[in-house]
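Colleague: The structure that follows is given in the form of structure tokens.
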Amino acid sequence: MHVVESGIGPLIQPPDMNAFREWNRKHKTKALVDKLMSEQEAVARFMFDGAYIGTELYGTVRCPMSLIREVIRQGYKDLRVAGQGVMELDILLATGRVRALDITYIGNEVYGISANLRREVESGRVQQVVEWSNGGITWRFKAAAMGVPFIPVRSMLGTDTLKYSAAKVVECPFTGEKVALLPALILDVGFIHVHRADRYGNCQIDGIAGFATEMARACKRLIVSAEEIIPTDEIRQRPDRTVIPYYLVDAVVHAPFGSHPGEMCYVYRRDEELIREWVKEMEQPDTAQAYLQKYVYGPKNHDEYMDLVGRDCLESLRYRKGGER
Amino acid sequence: MSTEYNPRELLICVAARLMEDGTTAFIGTGIPMLAAALAQKLHAPNLVTVFEFGGTGAILEELPLAVGEERTFHRALSATGICDTMETAQRGFIEYGFLGGAQIDPYGNLNSTVIGDHARPKARLPGSGGANDVGSHCWRTIAIMQHDARRFVPKVDFITTPGYLTGPGAREAAGLPPGTGPYRVVSSLALMGFDDETKRMKLLAVHPGVTVEQVIQNTGFELLLADRIEQTPPPTDEELRLLREEIDPHHLYI
């Protein structure tokens, strides 16, 4: 197949599908093993310096905030990150420990541009920035989920987004038209927050699934946090609801309000007051560090974080029964 | 004489009027959401909104603050995921896509990635997000922009999202689906379209109180002029009432 154009961005994580197969055979247990553990244990067991990591879903929505706070607390450095995010990646960037980004969007949505992204990229502390689209990065996970090294798509063509990516443009062997090939993206460690999981890691998500189904299948190690831990019997009553089956999951962490100050669809709304505080504190480097000190390093774990925010305050964010607002 | 309004309210109304009933529109956060909510309450009750993280056909009773949150699939027709919505666009199901950016050029190319050089940018912006996908696959894209010469530039610093690229035939030559591309630009001063032959931006209408000269002065490239330049009708009392009382009563956006 003739390569017409190659993006100049480095391939931060090459798509070695044979190694991924071997990994999935050797390191992913197919036995039903109790994987319920604390966030300290889960992160300590599976994270490492230089890891290539990713989070799902989208910033303030079903976001694995409690896990990311623990990743920061444990001090891992030289991180490489698949960058579609809002709060979780913003606070990770605030630590100055991100070295490479496969970026599609990092920002604060209605609250504008991420000051941490600006500081870290403009200063060169993030040494590699490789561009993709949201569809593009999700399809890269999908390729890994399919077990193939790349996926043909019609996004990114003709743009600088492609030029500064690691994609390639080829002539389609069937039609002769140009098509973009995106390399499969395999994460060293993935973090996903779900509504319910059992001890083995079978997960249910309510509402939109974002890119959880694809990303969960593209991780060498997957840490799941769940609002609720349920008996496997409940999983077996509705197997159609299992979007992430147990064998993909390495650790299950019970984290009620794990997405706070973000939201969890049908369970609790986002904490607008604390989100505004976060955006404001992140504007300047010293206040950003003060924010990390207060909300990340201060509490020893998610339990203490919930105490800090206040249990009543958290409860007040809950939707009334039946999902009414 | 109609009620007074602010520039943002006008932008929302102009964008809403472009949304057709019974069709599909890819909606991002901000002005497109308010415009879609307004269109649903007026002329387009069956406007099917598509939010990239999986919500299709939401009824926008309350404004979403994030593109993945519950309100993006409130009483929706389906709640899936980002692969589904992007692939639906790639298959040609989505008519309109709404976009924004820090810079736009005469061919409707948009930049939301960097100001300056990519390696050492003067300003690092959020990046493509879903914009590149929307601009690649939706049949007609509508950009919503603040209008000044820093934003309407001869050449964008970085093409995040494809417009007509370098001109006629360039999208197809790059491999993008034929028949797609920029349709309208709604700015704080005017409404623009694109010339069929040259694919360059063309002034179609000026907003109330704005002169053609003002639009030209605030555009950093030569703007084509339609044979007859219309006047944008001001927001109606009903549009403003819906916006202020029902759609955004807490003035989060307006």
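Colleague: Could you check the simple spin-label distance between A:LEU11 and A:ARG318, using points 7 Å along Cα→Cβ, in nm with one decimal?
Modeller: Placing both labels 7 Å beyond Cα along the Cβ direction yields 5.0 nm.
Colleague: What are the semi-axes of the equivalent ellipsoid of the range B:5-110, taken as the square roots of 5 times the eigenvalues of the Cα gyration tensor, listed largest first and rounded to whole Å?
Modeller: Over the Cα atoms of the range B:5-110, the semi-axes work out to 20, 18, 13 Å.
Colleague: What is the mean projected area of the alpha carbon convex hull for the range A:124-173, to one decimal in square nanometres? Spell out each step's value before the answer.
Modeller: On the way: hull surface 17.4 nm².
Spelled out: convex hull of the Cα atoms, projected over all directions, averaged, 4.4 nm².
Colleague: Oh, and also: Quantify how much of the Cα-Cα distance distribution of the range A:142-207 extends past 21 Å, in percent.
Modeller: 47
Colleague: Then there's this: Using +1 at the C-beta of Lys and Arg and -1 at the C-beta of Asp and Glu, which of A:TYR76, A:ILE186, A:ALA197 has the Cα lying farthest in the positive direction of the dipole of chain A?
Modeller: Farthest towards the positive pole: A:ILE186.
Colleague: Just to verify a number: FRET efficiency for A:GLN293 and B:LEU225, C-beta to C-beta distance, R0 = 45 Å, to 0.05? Each step should come with its number before you reach the end.
Modeller: Working: r = 57 Å, r/R0 = 1.27.
E(calc), rounded to 0.05, equals 0.20.
Colleague: Here is a follow-up. Can you tell me the relative contact order of the range A:41-172? Whole percent, Cα pairs under 8 Å, sequence separation 6 or more.
Modeller: Details: 183 pairs, mean separation 22.8, N = 132.
Relative contact order, the range A:41-172: 17 percent.
Colleague: Per residue, what volume in Å³ does the convex hull of the Cα atoms of the range B:120-254 enclose?
Modeller: Per residue, the Cα convex hull of the range B:120-254 comes to 153 Å³.
Colleague: Ratio of alpha-carbon Rg to the 2.2 N^0.38 Å globular estimate for the range A:1-57, to two decimals, please.
Modeller: 1.65
Colleague: Give me the inter-chain shielding for B:43-53: mean count of other chain Cβ atoms within 10 Å, whole number please.
Modeller: Going residue by residue through B:43-53 and averaging, the value is 2.
Colleague: Given R₀ = 56 Å, FRET efficiency for B:ARG150-A:LYS30 by Cβ-Cβ distance, to 0.05? Mind dumping the intermediate values first?
Modeller: Working: r = 58 Å, r/R0 = 1.03.
The computed FRET efficiency comes out at 0.45.
Colleague: I need the calculated FRET efficiency for the pair B:THR236 and B:ASN46, taking r as the beta carbon distance and R₀ as 25 Å, to the nearest 0.05.
Modeller: So the FRET efficiency works out to roughly 0.75.
Colleague: Something else now. Taking chain B as the region of interest, what is the percent of Cα-Cα pairs per 5 angstrom bin, listed from the shortest bin to the one with the maximum distance?
Modeller: Going out from 0 Å in 5 Å bins, chain B shows 1, 7, 14, 17, 19, 17, 14, 8, 3, 0, 0 percent.
Colleague: Rounded to two decimals, what is Rg over Rh for the protein assembly as shown when you use alpha-carbon atoms and the Kirkwood radius?
Modeller: Taking Rh as the inverse mean 1/r over Cα pairs, Rg/Rh reads 0.96.
Colleague: So, in nm, how far is label A:ILE113 from label B:GLU245 when the simple model puts each one 7 Å beyond its Cα toward the Cβ?
Modeller: Modelled inter-label distance: 4.0 nm.
Colleague: Next question. Simple spin-label model, 7 Å along Cα-to-Cβ: B:ASP117 to A:THR175 in nm?
Modeller: Those two pseudo-labels are separated by 3.9 nm.
Colleague: Would you mind ranking A:SER316, B:SER187, A:SER155, B:SER112 so that the residue whose beta carbon has the fewest other beta carbons within 10 Å leads the list?
Modeller: Values: A:SER316 11, B:SER187 26, A:SER155 29, B:SER112 23.
By the 10 Å Cβ count, ascending, the order reads A:SER316, B:SER112, B:SER187, A:SER155.
Colleague: Could you count how many Lys pairs in chain A have their Cα atoms under 20 Å apart, skipping same-chain pairs fewer than 8 positions apart?
Modeller: Lysine pairs meeting both conditions in chain A amount to 13.
Colleague: Could you point to the residue in B:LEU10, B:GLN103, B:ILE144 farthest towards the positive end of chain B's charge dipole, with +1 and -1 charges on the Cβ of Lys/Arg and Asp/Glu respectively?
Modeller: B:GLN103
Colleague: Here's a follow-up. Sort B:TYR107, A:TYR105 by Cβ crowding within 10 Å, fewest neighbours at the top.
Modeller: With the fewest neighbours first, B:TYR107, A:TYR105 line up as B:TYR107, A:TYR105.
Colleague: Based on Cβ point charges of +1 for Lys and Arg and -1 for Asp and Glu, what charge dipole magnitude is obtained for chain A about its Cα centre, in debye rounded to the nearest 20?
Modeller: For this selection, approximately 800 debye.
Colleague: Let me ask something additional. Please grab the % of Cα pairs in the range A:209-325 that end up more than 16 Å from each other.
Modeller: 71
Colleague: Report the dimensions of the range A:93-214 along its three principal axes from the alpha-carbon atoms, largest first, rounded to Å.
Modeller: Per principal axis, max minus min of the Cα coordinates gives 47, 42, 28 Å.
Colleague: If you wrap a convex hull around the alpha carbons of the range A:57-156, what volume per residue comes out, as a whole number of Å³?
Modeller: So the per-residue hull volume is 118 Å³.
Colleague: Just how large is the dipole of the protein assembly as shown about the Cα centre, in debye to the nearest 20, putting +1 at every Lys and Arg Cβ and -1 at every Asp and Glu Cβ? The partial results should precede the final answer.
Modeller: On the way: 63 positive and 75 negative charges, 316 e Å.
Dipole of the protein assembly as shown, to the nearest 20 debye: 1520 debye.
Colleague: So if I restrict to the alpha-carbon atoms in the range A:172-214, what is the Rg, and what is Dmax, the biggest pairwise distance, in Å?
Modeller: 16.9, 50
Colleague: GluC sites (Glu not before Pro), restricted to the range A:256-325: which are DSSP loop and have at most 13 other Cβ atoms within 10 Å?
Modeller: Details: sites: A:GLU263, A:GLU272, A:GLU273, A:GLU277, A:GLU281, A:GLU283, A:GLU304, A:GLU315, A:GLU324; in loops: A:GLU283, A:GLU324.
Sites meeting the loop and neighbour criteria: A:GLU283, A:GLU324.
Colleague: Other chains' Cβ within 10 Å of B:138-144 residues: what's the mean? Please report the intermediate quantities before stating the final value.
Modeller: Details: counts 0, 0, 0, 0, 0, 0, 0.
Across the residues of B:138-144, the mean count of other-chain Cβ atoms within 10 Å is 0.
Colleague: Per-residue Cβ counts within 10 Å, from other chains only, averaged over B:70-83: what number is that?
Modeller: Counting Cβ atoms of other protein chains within 10 Å of each residue's Cβ and averaging gives 6.
Colleague: Say a site is exposed when it is one of the GluC sites (Glu not before Pro), sits in a DSSP loop, and has at most 12 other Cβ atoms within 10 Å; what is then the longest site-free stretch of chain B? Intermediate values should be presented prior to the final figure.
Modeller: Values: sites that count: B:GLU4, B:GLU197, B:GLU222.
Here the longest run is B:5-196.
Colleague: While we're looking at this one, here's another question. Quick one: what does P(r) look like for chain A with 10 Å bins over all Cα pairs, in whole %?
Modeller: 6, 26, 34, 23, 9, 1, 0
Colleague: Could you work out [θ]222 nm for the protein assembly as shown from helices alone, using -39500 (n - 2.57) per DSSP H run of at least four and dividing by all its residues? Round to the nearest 500 deg cm²/dmol.
Modeller: Helix contribution divided over all residues of the protein assembly as shown: -7000 deg cm²/dmol.
Colleague: If you split all Cα-Cα distances of the range A:1-105 into 10 Å bins from zero, what percentages do you get per bin, shortest first?
Modeller: That works out to 12, 36, 35, 14, 3, 0, in percent per bin.
Colleague: Over the range A:149-268, what number does the Rg to Rh ratio reach, with both radii from the alpha-carbon atoms and Rh per Kirkwood?
Modeller: 1.11
Since every read-out is calculated from the coordinates, none of them should be taken as a lab result. A quick note: this is a predicted structure, and the numbers were derived from the prediction, not measured. Cβ: placed from backbone, ideal geometry, glycine included. Neighbour counts: every protein chain shown.
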